[in-house]
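Each value in this text was obtained by applying a stated rule to the coordinates, not by laboratory testing. Not measured: the values here are computed from a predicted model. Virtual Cβ from ideal backbone geometry, glycine too; neighbours counted across all protein chains shown.
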């Protein structure tokens with residue numbers, strides 16, 4: 001038995017460590033290359049492998065493979081892992097070979113301003129770094145297998161292993177001899193260690209000799225992957241659409257939008273969507289066993305806990321948005337008016353957290369059932385509201401109104417997914433109290449108390465305001481959560 005919350009906490013901590021190590025990696029890169037041509041070439045080289053995997057696989061690979069791995073025995077998992085790995089290796093290996101021999105294509109795609117740079121400056125480093133591309137694709141396959149077997153810690157530490165390897169290579173290599181070539185070697189080594197650590201952890205869950213108890217329909221698997229990939233890609237492109245529309249409202253709006261979304265993505269990525277990630281394999285097993293009662297229990301528990309965390313973050317985040325933004329971005333050429341714009345956009349972003357808490361669990365349930373076609377239709381219908389919701393902002397040339405289209409989209413998507421799953425969100429009034437009303441009341445009370453303390457203190461310090469925001473979030477979680485290890489999932 002595994003606790004849904006404790007597993008989510010483990011995954012959240014590993015993701016947080018991965019993000020922090022990424023921040024240290026950027027600092028080390030800045031110290032090594034500075035703001036230079038080599039620094040820009042290094043960023044392109046470093047981010048390309050995972051970027052290509054995310055663009056071509058996104059959430060489709062996990063959505064297709066996790067339910068399949070969850071329903072198969074050890075031999076069946078080994079066979080699917082082998083077939084999928086060969087296909088992914090063929091695709092990304094081909095991409096890696098092409099980019100190794102024609103690195104200019106990489107610059108034309110991701111840094112066209114450097115397309116005229118002599119190839120001698122980057123050809124060999126980029127060829128070495130190209131080895132990381134197929135390794136990144138293979139890591140996506142092993143991560144799906146580990147998640148299906150509840151090995152979230154190993155899968156979650158992949159980013160940490162990757163970043164620490166690059167940091168150590170740059171730190172240990174003599175500073176006067178560091179170059180793109182050294183970074184390329186570190187990148188290839190980091191990708192290899194990340195994949196190797198996951199492949200070794202996956203071995204106990206496979207049996208290469210035997211007879212599978214169930215067969216795999218690879219045609220259906222590919223079709224499900226394409227549908228899930230389409231739905232995930234649409235959701236990823238909504239912020240891109242809004243960013244493009246915001247650019248019509250004046251200079252600096254794109255940067256403000258980017259800063260605001262980065263502030264919201266941190267709690268979203270490490271606290272809220274981890275619930276659905278952990279619940280996915282359990283839901284897949286319940287569906288494979290035709291256990292409708294267990295599906296409903298896991299689904300309701302996941303929504304309840306994700307909503308709880310979302311509300312405890314959203315309400316204090318909206319009230320204390322300005323000091324949070326000021327603490328993080330209040331330096332350099334960003335003045336009070338710019339901070340105010342970023343803060344207002346961040347408030348819109350915080351509004352999406354409870355909605356994403358619901359939609360992420362709805363998406364997970366449909367993926368676990370294999371209803372990826374229905375998921376794609378719901379997502380396509382929901383995204384149609386984005387241009388309409390953004391019209392007031394475009395008409396009034398106000399980035400704030402354009403940003404309002406983001407919570408509108410997530411609201412429509414959340415409602416549509418709840419209807420599509422045909423499952424109740426809460427188990428009666430008590431479930432609604434625990435998952436919705438109690439955390440909202442706790443968050444509102446904690447925010448009110450902290451706001452009064454800020455007023456009594458009479459200070460405009462960003463550190464004080466941000467500290468009170470975090471205190472309100474923590475107090476709300478403690479007040480509304482009860483025993484976080486009480487509800488368990490298999």
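For the pair segment 393-453 and segment 84-110, the centres of their Cα atoms are 41 angstrom apart.
Measuring nothing but how far apart in sequence close Cα pairs (under 8 Å, 6+ apart) lie, relative to its length, segment 217-490 scores a relative contact order of 28 percent.
Counting neighbouring beta carbons within 10 Å and listing from fewest to most, the residues 382, 120, 461 come out as 120, 461, 382.
Annotation: the residues 294, 300, sorted from fewest to most other C-beta atoms within 10 Å of their own C-beta, follow the order 294, 300. For residue 384 and residue 464, the difference between the fully extended length at 0.36 nm per residue and the C-alpha to C-alpha distance is 24.7 nm. Between residue 200 and residue 87, the FRET efficiency estimated from the beta carbon spacing at R0 = 22 angstrom works out to 0.50. Between residue 265 and residue 215, the FRET efficiency from the beta-carbon distance, with R0 = 51 Å, is close to 0.80.
Helical runs assigned H by DSSP (4 residues or longer) give the chain a calculated mean residue ellipticity at 222 nm of -26500 deg cm²/dmol, each run adding -39500 (n - 2.57) before division by the residue total.
For segment 217-490, the Kirkwood radius over C-alpha pairs fed into Stokes-Einstein at 4 °C and 1.567 mPa s yields D = 66 µm² per second. Return the FRET efficiency for the residue pair residue 26, residue 172: r is the Cβ-Cβ distance, R0 is 25 Å, and the value is rounded to the nearest 0.05. Calculated value: 0.85.
Rg/Rh for the chain (Cα atoms only, Rh after Kirkwood) is 0.97. Here the relative contact order of the chain, from alpha carbon pairs under 8 Å that lie six or more residues apart, stands at 21 percent.
Checking the a/c ratio against 1.5 first, then a/b against b/c, what shape does the Cα gyration tensor give for segment 301-400? Here segment 301-400 falls in the oblate category. Relative contact order for segment 354-407: 24 percent, from Cα pairs under 8 Å spaced at least 6 residues apart, divided by residue count. Were the residues from residue 43 through residue 296 laid out at 0.36 nm apart, the gain over their Cα-Cα distance would be 86.6 nm.
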